[in-house]
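Throughout, read-outs are computed from the coordinates displayed, never taken from laboratory work. These figures come from a predicted structure and were not determined experimentally. Positions of Cβ are generated from backbone atoms using ideal geometry, with glycine treated the same way; all protein chains shown enter the neighbour counts.
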Amino acid sequence: MQIVLLGPPGSGKGTLASDLVRIYKIAHISTGDIFRKNIKEKTPLGLEAEGYISQGMLVPDSVTIGMVEDRLIQPDCNAGFMLDGFPRTLPQAEALTTVLERRRQPLTAVLNISVSDGTVVKRLSSRRVCSGCGRSYNVYSLIPKIEGICDVCGAAIIQRADDLPETILQRLRTYYDQTLPLVQYYTDLGLLIEVNNEGAVGSSTDFVKGQLDARLAQEQA
Ligand code: AMP
């Protein structure tokens, strides 16, 4: 099963992806996580990406496409994968189509996760993340047992630099300008599944699983 998750920042892509990769036992490829790991380790890729990310801009296609192509040839992708945060531009989507045709591993579906702009701003400004394992928290709805400390790994909980208010608005603008056209691209390919993710965390997982199981059954028929 090969899935793409589309949707604005804060739409809950990461949480939904974590649920689905566990259910379907496929690789989880989050381009945002790959960039953040490289920034933390101060690799050349991280140093290049950091400036764009902190301003809410996209890392250039020339960097991002090659990075994902390298990831897709890892053996754990043979059984399927979930792309979380890629593609985000039309050239990225076209490059992905070409690579997957070459690998004879076509997309099963593209999930278009939608939430209102108001929800995006509220979720991202109240989001906190673990600096160690990356687990998400929320100052209103998902509070750690000990303030400031991750329940899972004990590292410090922080606010992502790109979750500050002015950067959130820039990320939304970037999404509308550069990523929204992909909804039409994947609709035309007959791959799009609409997912309303306005509700509580995790509330759309069962709906999505039903849709994906139906697609798989169609493929196998
Ligand atoms: P995310 O964690 O998916 O919200 O990604 C965080 C940031 O990483 C984005 O705001 C972009 O700056 C960068 N990024 C992630 N994925 C991509 C991509 N496919 N193309 C370009 N930049 C990306």
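General remarks:
- Quotient of the Cα radius of gyration of the range 1-47 and 2.2 N^0.38 Å, N being its number of residues: 1.32.
- Fraction of beta bridges assigned by DSSP in the chain that are antiparallel (%, nearest 5): 30
- The range 14-92: C-alpha gyration tensor shape, a/c 1.5 cut-off, then a/b vs b/c: prolate
- Size of charge dipole - the range 72-221 - debye, nearest 20, with Cβ of Lys, Arg +1 and Asp, Glu -1, no other charges: 280
- Sites residue 41 and residue 203 - FRET efficiency at Förster radius 30 Å, r taken between beta-carbons, to 0.05: 0.30
- Computed helical MRE - 222 nm, the chain, DSSP H runs ≥ 4 contributing -39500 (n - 2.57), nearest 500: -14000 deg cm²/dmol
- Net +/- balance of residues flanking residue 151 in space, Cβ distance below 14 Å, scoring K and R +1, D and E -1: +2
- Scattering profile of the range 87-221 at q = 0.19, 0.20 Å⁻¹ [log10 I(q)/I(0), Debye over alpha-carbon scatterers]: -1.19, -1.22
- Cα shape, the range 117-181, gyration tensor, a/c 1.5 rule: prolate
- Order by protection proxy (mean Cβ within 10 Å, highest first), peptides 162-172, 104-114: 104-114, 162-172
- Taking the charge dipole of the range 1-156 about its Cα centre, with +1 at Lys and Arg Cβ atoms and -1 at Asp and Glu Cβ atoms, the residue from 105, 95, 136 reaching farthest to the positive side is 136.
- Taking the chain as a Gaussian network of alpha-carbon nodes connected by springs under 10 Å, the highest mean-square fluctuation of the residues 153, 130, 77 belongs to 153.
- Here the scattering of the range 1-147 is modelled by Debye summation over its C-alpha atoms, one equal scatterer each and no solvent; at q = 0.09, 0.13, 0.14 Å⁻¹ the log10 of I(q)/I(0) is -0.30, -0.63, -0.74.
- Alpha carbon centroid spacing (whole Å) that separates the range 1-53 from the range 102-121: 13
- Centroid-to-centroid separation of the range 196-221 and the range 147-183 [C-alpha atoms, Å]: 25
- Total formal charge among the other residues, if their Cβ is under 11 angstrom from that of residue 116, Lys/Arg +1 and Asp/Glu -1: 0
- Cα centre as origin, Lys/Arg/Asp/Glu Cβ charges: the range 61-123 dipole, Debye: 160
- Whole-number D in µm² s⁻¹ for the range 38-77, Kirkwood Cα-pair radius fed into Stokes-Einstein, 37 °C, 0.692 mPa s: 299
- Global size of the range 52-122: 14.1, 41 Å for Rg and Dmax (C-alpha atoms, Rg to one decimal, Dmax whole).
- With contacts taken as Cα pairs under 8 Å and at least 6 residues apart, the chain reaches a relative contact order of 30 percent.
- Size of the range 73-160: Rg and Dmax of its alpha carbons, in Å, are 17.7, 49.
- Over the range 172-221, the pair-distance histogram of Cα-Cα distances with 10 Å bins from zero comes to 21, 37, 36, 6, 0 percent, rounded to whole numbers.
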